[in-house]
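See structure below.
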Amino acid sequence: MTQTIHLSDYQPYPYLLDRVSLIFDLAPTATRIRATLNFAPNPASPGNHDLRLDGELMTLVSARINGTVITAKPDDTGLTIAAADLPKDAFTLETEVQIDPASNTSLDGLYMSNGMYCTQCEAQGFRKITYYPDRPDVMARFHVRVNADLPVLLSNGNPVGQGAGFAEWDDPWPKPAYLFALVAGDLRAHSAPFTTMSGKSVALNIYVRPGDEDRCEYAMGALIRSMQWDEQVYGREYDLDIFNIVAVDDFNMGAMENKGLNIFNSKLVLALPETASDDDFGRIEAVIAHEYFHNWTGNRITCRDWFQLCLKEGLTVFRDQQFSGDMRSHAVKRIEDVLTLRARQFREDGGPLAHAVRPDSFVEINNFYTATVYEKGAEVIGMLKTLVGDADYAKALDLYFSRHDGEAATIEDWLKVFEDTTGRDLAQFKRWYTEAGTPRLTVTDDWAPQASGGTYTLNIAQTNPPTPGQPGKAPKVIPVAVGLLNPNGDEVLPTTVLELTQPRQSFTFENLATKPIPSILRNFSAPVILERDQSAAERAFLLAHDTDPFNKWEAGRALAKDVLARMVTDGADPSANWLDAIAQVAADEALDPAFRALALRLPGEDDMAQTLHAAGHVPDPAAIYKARRAMAAALAQRLSAVLPEMITTLQDNGPFISDANGSGRRSLKLTALSYLTVLDRGTAAAKIFSNANNMTDEQGALATLLDQGLGQPELAKFEFRWSKDRLVMDKWFALQVAYAAPDETASTADRLTKHPDFDWKNPNRFRSVFGPLSNNHAGFHHASGASYTLLADWLIKLDPVNPQTAARMSTAFESWSRYGADNQAMVRAELTRILKTPGLSRNLGEMVTRMLGKAT
């Protein structure tokens, strides 16, 4: 029987833990851990209490309190020592346990990856290492000794001792157990010095497997830029003598911010122009920054309980988005972030997996590392900054760091620093943290012309739709950034933030010479759905004249979605006005190339399915696929005269540099190439593939060929060239599924699972096949149901080995209820089959139960 954990049941841990000493005697199947824990009664929990320690999958060898052996009988989830057997004041608990890292395929706790010892303790992995109060509000200083006959022995903090077969580490900063880390193996360091703003020297190291040393330079540069940025923008200085990163092949997540010892999925560290695309370089820079920024927003100040996960993740995502904008392009970064938000979080908010940014209950906390907690959590921070202004945001953050340093904080603590800084009452704003769902804004306008100057009125109504467990909701505080433009394109009102707090409000603008064209929700100032009757002519006007880059792009996107929707539902042809408007953007060399590339890309199939569903239609994946292909062909024909010259002009023959300019030019070139390939049947793409001196061009040209049913010789060359490179081969697997025709998607994925290099226990390789399977919209939702069955089969197979990855991949089914009856019946059957699997993990069981709409 699964247990549901509720936020309302929170109680402080009855004992304080000041100091922890751990000694590891590493052995693949029989690692011994001796732990010394110094406890004292917690004044916040008066009375006598049992000592409950979490622990799983270990053998207790011995236990002592104040040096006296005690008899303790662990259960399946931990160890309880009765209050009657404990001293009344401070005491020391010593335990020795034995664990088997080699058999730990969950990649949670202490495990092995190709001969390397590695840990992953967030959220509850430390309980697989030793008996411990494995909760984030228990913070202690750690001293660690690692004994092993291996060249590199790492843990948190500063190195304080080293000799033949051992290393000792001491972390002076209190931390919860989820931030503990240990790595041991045959590794090589890529090193660099760093001097903090106060003049302190810090040794930086990126540890990788032998042979990967030359692929760390970009990651090291990203780390140094992150450290400098955090000092300059937030005033946060690094606080240890050393900062280590380790790249690991077998890793469930992207990376982990363990204090002083970040552990990364190798795909987010290792990069050369020949092996990594511009997208890879951008992700590496962003994730390096994200994990480093956690040193203050997550480590020095952590979360009181796992319900507060958004406190550290939402804030840190917002910070890494700011950083990426500063390093590259704020406009392009904002568009990309909103595309991700709408594709992942809006879908989550509109389905059975909807939950608040701070949920009030869970069965398995690992299931709540979601787009809602991360991306929507970041949007909430952004709204707060918009509402209080840049200066007060900076003051509030300074107060947050000074008031809560060394503490485990809550959302209430976070909002209180803003209230104390600004004098604002944020009780209503807090609903963004406690309520699920995507608000909808309905906008109408009125114009009252007068000789002395007319009055323009915007009428805005907000609705907050019901979500699972939350049928009715009160209005939220929503910042709506607007600007007004004259019919000649001049801006008559620069960006102004309207604060929406009621179900309906009207905002007036006076003394205007003519009726303006409104630009609403500039820079996507709130994570909402905007509904307004808007003509194609007005959208084309905003695409041509809006001074806000996001809304300029949004106008073109809305035009394209309107055209594509009519093509799907009415069999209409692509609009000549839309084709002309996009052609003007394509030819406008004054625009950022990356922006032009984004404007030229068509709405995705899943995006259109959601748009049609919201409009009351039952999405037909096959029809959407067919219409989108026809739309691409029409745009290719419209741009046919300029595409070859665009590609030639954008071709860079100099050294590869993955900066904003270089990556933007390559993005636009490859977007143009995708349209040209529709016309020339791959002549230009094959040439670019053959001549490519970087992975961006090589991968992009191959993708373009595969998308048109071409490229088999190039695919074979790609495999031959990169067969020994595990990260590049992930791309080889992924491209084939991503660009498979709908009736071949399931068979392509199934064929690849039989490839000798398909290691299904490696999360990267598993995701390289089944991630693209679920993202190939028409293929995944094919009328045969073959993709549904294939994914369900593999989730059932993976779950006993790696329940975290299985649960996360199951979200491919979350939007099943928006499709037709036949698709719904097939998905329901597969979800039911998964749920009936004997021994199903609580991770996957909770997800499937929620998707089926059953009570947990």
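The values are calculated or read from the model by the stated rules, or taken from the named source; none is laboratory data. This is a predicted model, so every value here is computed, not measured. Note: ideal-geometry Cβ built from the backbone for every residue, glycine included; neighbour counts use all protein chains shown. Accessible surface areas use protein heavy atoms only, side chains included; no ligands, DNA or RNA. Shrake-Rupley method; radii C 1.70, N 1.55, O 1.52, S 1.80 Å.
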Original post:
Here are some conditions: (1) in contact with a Gly (Cβ under 8 Å, 6 or more places away or on another chain); (2) in contact (Cβ under 8 Å) with a residue 60 or more places away in the chain. ARG842 meets all but one. Which one does it not meet?
Top reply: (1)
Original post:
If you go through region 392-401 one residue at a time, do you hit one that is charged (D, E, K, R), within 30 Å of ASP18 (Cβ to Cβ), touching a residue at least 12 places away in the same chain (Cβ under 8 Å) and surrounded by fewer than 17 Cβ atoms within 10 Å (Cβ to Cβ)?
Top reply: yes
Subject >> Failed item in (1) modelled with pLDDT under 95; (2) open to solvent by less than 40 Å² (accessible area, probe 1.4 Å); (3) not aliphatic (A, V, I, L, M), with THR31 passing the rest >> reply: (1)
Subject >> Pair list, Cβ < 8 Å and 6+ apart or interchain, from region 314-329 residues that are within 18 Å of TYR433 (Cα to Cα) and modelled with pLDDT of 95 or more to residues that are in a loop (DSSP other than H, G, I, E, B) and open to solvent by 10 Å² or more (accessible area, probe 1.4 Å) >> reply: none
**OP:** Starting from region 365-377, keep only residues that are closer than 21 Å to THR2 by Cβ, then list their pairs with residues that are aromatic (Phe, Trp, Tyr) whose Cβ atoms are within a distance under 8 Å, requiring at least 6 positions of separation or different chains.
**Re:** ILE365/TRP306; PHE368/TRP306; PHE368/PHE362
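Give the residue that is farthest from ILE657 (Cα to Cα), with candidates limited to residues of region 315-347 that are among the small types (Gly, Ala, Ser) and in contact with a helix residue (DSSP H, G or I) (Cβ under 6 Å, 6 or more places away or on another chain).
Residues of region 315-347 that are among the small types (Gly, Ala, Ser), as a first pass: 324-325, 329, 331, 343.
Narrowing further to those that are in contact with a helix residue (DSSP H, G or I) (Cβ under 6 Å, 6 or more places away or on another chain): 324-325, 329, 331.
On the way: SER324: 16, GLY325: 17, SER329: 15, ALA331: 20 Å.
Out of the qualifying residues, it is ALA331.
State yes or no: is ASN114 surrounded by fewer than 19 Cβ atoms within 10 Å (Cβ to Cβ) and in contact with a Pro (Cβ under 8 Å, 6 or more places away or on another chain)?
On the way: surrounded by fewer than 19 Cβ atoms within 10 Å (Cβ to Cβ): yes; in contact with a Pro (Cβ under 8 Å, 6 or more places away or on another chain): no.
Considered against the rule, which asks whether it is surrounded by fewer than 19 Cβ atoms within 10 Å (Cβ to Cβ) and in contact with a Pro (Cβ under 8 Å, 6 or more places away or on another chain), ASN114 comes out as no.
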Subject >> Looking only at region 428-445, and only at residues there that are under 13 Å from PRO465 (Cα atoms) and of a type in the set (D, E, K, R), the one that is most open to solvent (accessible area, probe 1.4 Å) >> reply: ARG440
Subject >> Leading residue by the ranking (most open to solvent (accessible area, probe 1.4 Å)) among those in region 619-663 that are among the charged types (D, E, K, R) and within 33 Å of the chain's Cα centre (by Cα) >> reply: LYS626
Subject >> region 716-744 residues that are within 23 Å of ASN693 (Cβ to Cβ), paired with ones that are basic (Lys, Arg) and in a helix (DSSP H, G or I) (beta carbon under 6 Å, 6 or more apart) >> reply: LEU727/LYS267
**OP:** May I ask you to say which residue of ARG135, ARG127 is farther than 30 Å from VAL208 by Cβ and of a type in the set (Lys, Arg)?
**Re:** ARG135
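Residues of region 617-655 being touching a Leu at 6+ places or on another chain (Cβ under 9 Å) and closer than 21 Å to ASN691 by Cα, which ones?
Within region 617-655, LEU643, PRO644, MET646, ILE647, LEU650 meet the criteria.
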Original post:
Which of the residues belonging to region 538-576 are over 20 Å from ILE335 (Cα atoms), open to solvent by less than 40 Å² (accessible area, probe 1.4 Å) and either assigned to a loop (DSSP other than H, G, I, E, B) or of a type in the set (Phe, Trp, Tyr) (or both)?
Top reply: ALA572, PRO574, SER575
Original post:
What residue, among those in region 486-499 that are open to solvent by 20 Å² or more (accessible area, probe 1.4 Å) and among the aliphatic types (A, V, I, L, M), is farthest from GLU435 (Cα to Cα)?
Top reply: VAL492
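Let's see how each residue does on (1) in a strand (DSSP E or B); (2) surrounded by 18 or more Cβ atoms within 10 Å (Cβ to Cβ):
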| position | (1), (2) |
| --- | --- |
| PHE24 | yes, yes |
| THR36 | yes, no |
| ALA40 | yes, no |
| SER45 | no, no |
| HIS49 | no, no |
| ARG52 | yes, no |
| GLU56 | no, yes |
| THR80 | yes, no |
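List the strands (runs of 3 or more DSSP E) inside region 125-237, counting only whole elements, that have at least 3 residues being open to solvent by 40 Å² or more (accessible area, probe 1.4 Å).
Working: elements: 140-147, 152-155, 158-163, 166-175, 182-185, 188-195, 201-208.
Passing ranges, in order: 140-147, 158-163, 166-175, 188-195.
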Original post:
When residues of region 525-537 are filtered for being among the charged types (D, E, K, R) and in a helix (DSSP H, G or I), how many remain?
Top reply: 0
Original post:
Can you find even one residue in region 370-392 that is part of a loop (DSSP other than H, G, I, E, B) and small (Gly, Ala, Ser)?
Top reply: yes
Original post:
Taking only pairs six or more apart or across chains, which ones have beta-carbon atoms under 6 Å, a first residue in region 457-468 that is surrounded by fewer than 17 Cβ atoms within 10 Å (Cβ to Cβ), and a second residue that is assigned to a loop (DSSP other than H, G, I, E, B) and among the hydrophobic types (A, V, I, L, M, F, W, C)?
Top reply: PRO468/ALA354
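Do the conditions hold for LEU591, that is, is it over 25 Å from ARG818 (Cβ atoms), at pLDDT 95 or above and not in a helix (DSSP H, G or I)? Write out each step before concluding.
Working: over 25 Å from ARG818 (Cβ atoms): yes; at pLDDT 95 or above: yes; not in a helix (DSSP H, G or I): yes.
It is true that LEU591 is over 25 Å from ARG818 (Cβ atoms), at pLDDT 95 or above and not in a helix (DSSP H, G or I).
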Original post:
Is one or more of the residues making up region 515-526 modelled with pLDDT of 95 or more, open to solvent by less than 20 Å² (accessible area, probe 1.4 Å), of a type outside the set (Phe, Trp, Tyr) and farther than 30 Å from ALA331 by Cβ?
Top reply: no
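Which count do you get for residues in region 251-265 that are out of contact with any helix residue (DSSP H, G or I) (no Cβ under 6 Å at 6 or more places or on another chain) and either under 23 Å from SER402 (Cβ atoms) or open to solvent by less than 20 Å² (accessible area, probe 1.4 Å) (or both)?
Going through region 251-265, the residues out of contact with any helix residue (DSSP H, G or I) (no Cβ under 6 Å at 6 or more places or on another chain) turn out to be 251, 253, 256, 260-261, 263-265.
Adding the requirement that they be either under 23 Å from SER402 (Cβ atoms) or open to solvent by less than 20 Å² (accessible area, probe 1.4 Å) (or both) leaves 251, 256, 260-261, 263-265.
The qualifying residues number 7.
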Original post:
Any residue in region 473-485 that is open to solvent by 10 Å² or more (accessible area, probe 1.4 Å) and small (Gly, Ala, Ser)?
Top reply: yes
Original post:
Filter region 664-702 for residues that are surrounded by 20 or more Cβ atoms within 10 Å (Cβ to Cβ) and not in a helix (DSSP H, G or I); which is farthest from the chain's Cα centre (by Cα)?
Top reply: GLY682
Original post:
Residues of region 189-244 being in contact (Cβ under 8 Å) with a residue 60 or more places away in the chain and at positive phi, which ones?
Top reply: GLY235
**OP:** Answer yes if at least one residue in region 290-297 is touching a Leu at 6+ places or on another chain (Cβ under 9 Å), under 30 Å from LEU598 (Cα atoms) and open to solvent by less than 10 Å² (accessible area, probe 1.4 Å), and no otherwise.
**Re:** yes
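Are there helices (runs of 4 or more DSSP H) fully within region 707-802 with at least 1 residues that are within 26 Å of the chain's Cα centre (by Cα)? List them.
Numbers: elements: 712-722, 726-738, 745-753, 763-775, 777-780, 786-798.
By residue number, 726-738, 745-753, 763-775, 777-780, 786-798.
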